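Trainee: Quick one: the structure is below, questions incoming.
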Amino acid sequence: MSLNATDDTLIQPAAHAPVEDGFHLRSPVIEDAAGIQRLIQASPPLDVNSTYAYLLLCRHFRDTCVVATRQGQLAGFVSAYFPPTQSNVLFIWQVAVHPDARGCRLGQRMLEHLLARPLTQSVASLETTVSPSNQPSRRMFAALARARGAACVEESMFPPELFGQADHEDERLLRIAPL
């Protein structure tokens, strides 16, 4: 199966799965892109990307991304990809949960949904970057590591000076392994 599949026939049946609390998890479609950008805007401290970036994620990386809906409304989004030279590493770019859906463990549930897909069965480790002040994300990834019986190791990745003139916190690498 292609890592960047855009053909709906390549999506496994589990790609659209009902979850408790009325949430439905599925791969995104390009029609989700504008709503995803609005969700990210409503989810500080996440960096907001252009709608075009979310269109590309929904088209080229839909097999490694997840949207959560409840009653037809976008409630969550996970973007992830395989780094070009690391086919057994899944890099989680963003995890966003709408303010109305927080407290339901939706972020962790979307990650578990993604890790249950056939495409990710060879994943040995999960990586992400999280700023020191983003305690909700840190707790979510620590809980995922605990649930998987894996270690969560932290190291430097993108110090603030790499962001140029932007006022941006350190982005620390979290590596969860083995999965």
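Trainee: For the list (1) at positive phi; (2) small (Gly, Ala, Ser); (3) open to solvent by less than 30 Å² (accessible area, probe 1.4 Å), I need the number of the one condition that Gly103 fails.
Mentor: All conditions are met except number (3).
Trainee: Moving to a separate point now. Scan the range 62-85 residue by residue and report those that are part of a loop (DSSP other than H, G, I, E, B) and open to solvent by 10 Å² or more (accessible area, probe 1.4 Å).
Mentor: Answer for the range 62-85, where residues must be part of a loop (DSSP other than H, G, I, E, B) and open to solvent by 10 Å² or more (accessible area, probe 1.4 Å): Gln71, Gly72, Phe82, Pro83, Pro84, Thr85.
Trainee: Something else: Test each condition in (1) open to solvent by less than 10 Å² (accessible area, probe 1.4 Å); (2) part of a loop (DSSP other than H, G, I, E, B); (3) touching an Asp or Glu at 6+ places or on another chain (Cβ under 9 Å) for Ile92 and report the one that comes out false.
Mentor: (2)
The values are calculated or read from the model by the stated rules, or taken from the named source; none is laboratory data. Note that this is a predicted model, so its numbers are computed, not measured. Glycine gets a Cβ as well: all are built from the backbone with ideal geometry, and neighbour counts include every protein chain shown. Only protein heavy atoms, including side chains, enter the accessible area calculation; ligands, DNA and RNA are left aside. Shrake-Rupley method; radii C 1.70, N 1.55, O 1.52, S 1.80 Å.
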